[in-house]
Structure formats: structure tokens, C-alpha cells
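The values are calculated or read from the model by the stated rules, or taken from the named source; none is laboratory data. Quick caveat, the model's predicted, so the values are computed rather than measured. Here Cβ is always computed from backbone atoms with ideal geometry, including for glycine, and neighbour counts include all displayed protein chains. Areas reflect the complete protein model, heavy atoms only, side chains present, ligands, DNA and RNA absent. Shrake-Rupley method; radii C 1.70, N 1.55, O 1.52, S 1.80 Å.
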Amino acid sequence: MRQISIVGAGYVGLVTGTCFAELGNHVVCVDIDIAKVEALRRGVVPFFEPGLEELVNRNINSGRLTFETSIHASLRDATVIFIAVGTPMGDDGHADLSYVKRAALDIAQSLVGPIVVVNKSTVPVETGDLVATIIREHKISKHDVHVVSNPEFLREGSAIVDFMKPNRIVLGVDNPDAEAVMRDLYAPLEATIIATDVRTAEMIKYAANCFLATKISFINEIAAICGDVGADIKDVVAGIGSDERIGPSFLNAGLGFGGSCFPKDVMALSKIAESRKIPARILESVLAVNRDQIANVVAKIDRLLGAVAGKRLAVLGLSFKPNTDDLRESQAMNLVRTLSSLGATIVAHDPVALEKARLELVDVDNVTLVSSAYEAVEDADGMVLATEWSEYRQVDFAVIRKLMRGDLVVDTRNIYDPVKLKDVGLRYVGIGRKEHVESLDRESAVASGSRA
Ligand code: NAD
């Protein structure tokens with residue numbers, strides 16, 4: 001059992017702290033957001049993560065998990081402190097390290113004993129050195145401080161399982177005592193530990209996220225070609241994904257990647273390369289393909305509807321992926337904003353993110369949020385599936401056909417069976433699907449009058 005302090009009680013910090021408490025440690029989670037800390041003290045988790053609230057409450061009740069608003073209050077008995085604060089994209093594209101620096105300063109000024117400082121936030125190479133320097137220069141006691149990098153790979157929506165059953169734990173450590181502390185902390189998970197130096201660990205996290213984002217942009221580019229040449233992306237993915245050198249994951253064509261990590265991390269690494277005059281053509285292309293993805297989908301909808309202006313569109317799903325209410329850099333939200341800017345009326349639904357979306361879309365014209373998918377499609381000229389929540393998978397398209405004014409269904413996650421939709425009189429458009437080409441061909445033929 002250890003006394004652990006966690007700085008930042010967001011998606012990563014709260015999951016980390018709660019899971020360490022569940023493993024029998026005493027954990028204090030610290031956040032500068034007073035309202036968040038007050039909610040957490042009452043057992044209310046201010047964001048949606050399956051299973052987390054139950055786990056938080058169990059550990060609050062056992063006395064192993066508490067919450068504070070200052071690092072000072074958390075450090076009394078702690079021997080390990082995790083930094084899990086945000087590292088958002090700065091105005092220049094580099095990672096904004098101001099929260100990390102602030103946390104390092106607060107740790108230095110609250111130090112009451114020797115401690116291992118673990119950087120869990122995703123940070124550029126050399127941030128470990130920066131944190132160590134800040135603490136060394138500002139610490140109020142002579143105690144030893146070792147800075148470790150321990151990047152996090154959990155996925156929102158399955159964060160608890162990802163934490164408890166990681167496929168690897170990366171430790172960047174430059175000191176054997178600190179390494180021993182970290183190995184002991186993670187021993188109950190019986191996971192593969194990859195121990196390396198701090199800078200390499202920092203790089204591993206960026207490389208991992210950039211590779212996954214590359215797979216997404218790659219498959220979106222292949223899907224665009226499929227759509228044009230009359231091949232089907234789903235069969236292409238089945239065909240290449242079964243090759244163990246490639247693998248099927250992160251090869252779902254769609255609206256492109258969003259969320260709180262990939263866009264900023266790919267940008268940050270490309271900026272690091274740029275500042276060192278190292279060409280990062282792949283990373284730049286990954287971002288460029290992703291940037292164009294919404295415009296490409298909107299252009300298709302525009303063609304198929306004969307202009308989106310004045311049309312009523314149902315958008316299903318607003319979070320950046322299913323099983324989270326996180327809207328940060330959500331491509332579904334970008335789609336809503338773009339469609340609205342082109343004069344469409346949007347009626348949108350999301351199973352859990354409606355309240356957050358309401359706040360974010362307050363300045364966006366002609367957007368109504370409703371409480372069910374069926375309500376969203378009423379009188380719509382088209383329906384767009386933007387985020388593949390499970391509850392959208394088995395919607396009754398016969399009912400939807402009756403409720404809709406138009407007949408267009410745009411499946412940006414390729415989850416529907418085009419034949420089933422056609423059977424009830426709906427026009428199916430996927431991303432890089434064969435039926436998509438047929439629809440587009442029909443549309444362009446009608447538009448140009450060249451084919452009946
Ligand atoms: P978040 O925005 O949900 O949480 C960060 C929290 O830190 C906020 O609650 C904020 O109030 C708090 N905070 C900021 N400065 C503080 C300070 N000085 N003292 C105490 N609290 C402070 O962020 P997140 O999504 O949990 O991400 C945290 C880090 O983990 C980022 O670097 C991110 O890139 C990385 N990461 C995120 C995920 C993910 O899925 N969200 C996965 C892996 C890695």
C-alpha cells in the first residue's frame with residue numbers, strides 16, 4: 001500500500017487515482033477546479049466514463065480515495081505524485097505546458113519529503129527535464145525528487161479496463177530507486193513493463209498516437225479512392241486487416257480523428273520536428289487529410305441533396321467517439337458547425353453528450369438538440385450517422401423512412417447494411433462504399449442529364 005497524490009482529476013487523473021485506490025493504495029486526487037472537487041467529494045463524476053462513478057464511490061466509502069484543491073494538502077504522506085493535467089494545443093500548435101509547469105511549481109513549493117514525480121500527461125520530449133529543473137530550483141526542502149515519465153494509453157469509453165489490463169506500461173526512469181517504486185506500484189497489474197529513459201518514454205507516447213492517427217488518415221484516403229473507382233472500403237479493410245502485419249484496428253473510414261489527444265499530439269510532434277528542421281511530411285499529411293475529411297463529406301451531402309442550404313438534417317452522435325461525452329475536437333461537432341454555416345437546419349441527438357453539446361453550440365445557428373434518434377429524423381431531408389453509439393446500430397429504418405421527409409442516409413461510420421436501407425426505400429451513402437458510388441453516379445447523372 002502506498003500514499004499517492006494525483007494532480008489533475010480529469011479523464012486520466014481520476015481514472016488513474018481511482019484504479020490505484022481500487023488496488024489498495026491511499027490516493028488523494030487534486031484539482032484546481034473547485035466545483036469538480038466538490039462534486040467528486042459527493043461521489044459525482046463530472047464526465048461520462050462507463051463504470052467510473054461506481055468505482056469512485058466504492059473507494060470513497062472505503063476511505064482510500066479523497067479529493068483536495070491544493071497539492072500541499074495532498075503531499076503530507078505521499079511518496080509518489082502523478083502529474084495528469086491537460087496539455088492542450090497552444091496557439092502556435094506546440095503543446096501548451098503551462099498546466100504542467102504550474103503543477104511542478106506547486107509540487108516544489110509543497111515538498112515535505114522525498115518523492116517520485118510521475119509525469120502522466122502527454123508531453124514533448126524534454127518535459128521531464130523541465131519539470132525536474134522547476135522542482136530543483138523552487139523546492140522548499142532538501143528532499144530527493146526523481147522525475148519519471150509514465151505516459152498513459154487508456155482510451156475514453158474503456159478507461160478502467162485499459163488501466164487495469166494494459167497491454168504494456170511504459171516507464172521512463174533515470175534512477176533505480178524511482179524505477180523500483182514504479183515497478184512496485186504497477187506489480188498488481190502483472191503487465192509487461194517497458195522501462196527506458198525519460199525522453200524515450202515521452203517519445204513513445206507521441207509515436208503511438210501519431211501512428212494510430214496515421215492509420216485513420218491512411219484509410220480515409222484509401223476510402224476516397226475506393227469511392228471513386230467502385231471498390232468497397234469495408235472489404236478492402238477485411239482484406240488488409242487480416243494480414244497480421246497490418247491488423248484491423250484503427251482502419252475504419254469515417255469523418256476523421258478527433259478527441260482530446262490525436263489532433264493535438266500529431267500537431268505537437270510535427271511542430272517539434274519543424275522547430276528542429278526535421279521534415280515531418282507524413283505527420284503533416286495525416287493532419288491535412290483529416291482537415292479535409294469534413295469538407296469532403298459535406299460536399300457529398302451537398303451534391304446528393306442538391307445543396308444543403310435550407311435542408312433539414314438529422315445528425316446522430318456528437319461525442320468524438322461512442323461511450324464518452326467528450327466533445328473535444330469532435331468531428332461530429334465540426335460537421336454540425338459546418339452544415340449550419342452552409343445554411344442547413346440541424347436536429348441532433350447524442351445518448352450522453354447533449355448537455356455539454358448544448359453549451360458548446362449555443363452560438364451556432366439553426367441547431368436543435370433532441371432526446372431521441374427518431375425525434376431527430378422527423379421531417380428531415382437527410383440523416384447523418386456521425387458517431388456510432390450502439391443504440392444507433394439497430395434503429396428501425398422502416399420507421400425512420402416514414403418519419404423522414406427525404407430519403408438520404410449518410411453513414412459516416414459504415415455501420416449499416418446498404419441493402420436493408422434500400423429495401424425500405426432509403427438512399428444509402430457510406431464512406432468509400434460501393435453503394436455510395438452508385439448513388440453518386442445516379443445523382444451526378446441526373447444532375448448532368450447525361451444518363452437516365
Ligand atoms: P482533462 O482536461 O480531462 O483533466 C485535466 C485536469 O487537470 C482538469 O480537471 C484541470 O482542472 C486539472 N488541472 C490543471 N492544472 C492543474 C493544477 N495545477 N493542479 C491541479 N489540477 C490541475 O485532461 P485529460 O483528458 O485527463 O488529459 C490529461 C493528460 O493526459 C493530457 O496530457 C492528455 O493528452 C493525456 N492523455 C489523455 C487521454 C484521454 O483519453 N483523455 C489518454 C491518454 C493521455
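Mind listing whichever residues of segment 20-36 are surrounded by fewer than 19 Cβ atoms within 10 Å (Cβ to Cβ) and within 16 Å of the ligand (Cβ to nearest atom)?
Residues satisfying the conditions are Ile32, Asp33, Ile34, Ala35.
Just give me the residues in segment 1-19 being assigned to a loop (DSSP other than H, G, I, E, B), within 15 Å of the ligand (Cβ to nearest atom) and over 17 Å from the mean Cα position of the chain (by Cα), in sequence order. Break it down stepwise before answering.
Let us first name the residues in segment 1-19 that are assigned to a loop (DSSP other than H, G, I, E, B), namely 1-2, 8-10.
Imposing the further condition that a residue be within 15 Å of the ligand (Cβ to nearest atom) reduces the set to 8-10.
If the condition is that a residue be assigned to a loop (DSSP other than H, G, I, E, B), within 15 Å of the ligand (Cβ to nearest atom) and over 17 Å from the mean Cα position of the chain (by Cα), then Gly8 is the only one that fits.
Specify the residue that is nearest to Cys261 (Cα to Cα); the eligible residues are those in segment 54-88 that are within 13 Å of the ligand (Cβ to nearest atom) and assigned to a helix (DSSP H, G or I).
First pass over segment 54-88, keeping only residues within 13 Å of the ligand (Cβ to nearest atom): 67-75, 81-88.
From what's left, assigned to a helix (DSSP H, G or I): 71-74.
On the way: Ile71: 25, His72: 29, Ala73: 30, Ser74: 28 Å.
Ranking the candidates gives Ile71 first.
How many residues are more than 17 Å from Gly10 (Cα to Cα) and either part of a loop (DSSP other than H, G, I, E, B) or within 10 Å of the ligand (Cβ to nearest atom) (or both) when one looks only at segment 102-116? Quick ask: steps written out before the conclusion?
Going residue by residue through segment 102-116, those that are more than 17 Å from Gly10 (Cα to Cα) are 104-116.
Pick out the ones that are also either part of a loop (DSSP other than H, G, I, E, B) or within 10 Å of the ligand (Cβ to nearest atom) (or both) and you get 104-107, 109-114.
Result for segment 102-116: 10.
Please work out if Asp91 is more than 12 Å from the ligand (Cβ to nearest atom), open to solvent by 50 Å² or more (accessible area, probe 1.4 Å) and under 24 Å from the mean Cα position of the chain (by Cα).
Numbers: more than 12 Å from the ligand (Cβ to nearest atom): yes; open to solvent by 50 Å² or more (accessible area, probe 1.4 Å): yes; under 24 Å from the mean Cα position of the chain (by Cα): yes.
In short, yes.
Please name all residue pairs, on different chains or six or more residues apart, with Cβ atoms under 7 Å, provided the first residue is in segment 278-297 and is touching a residue at least 40 places away in the same chain (Cβ under 8 Å) and the second residue is open to solvent by 90 Å² or more (accessible area, probe 1.4 Å).
Filtered contacts from segment 278-297: Val289/Glu221.
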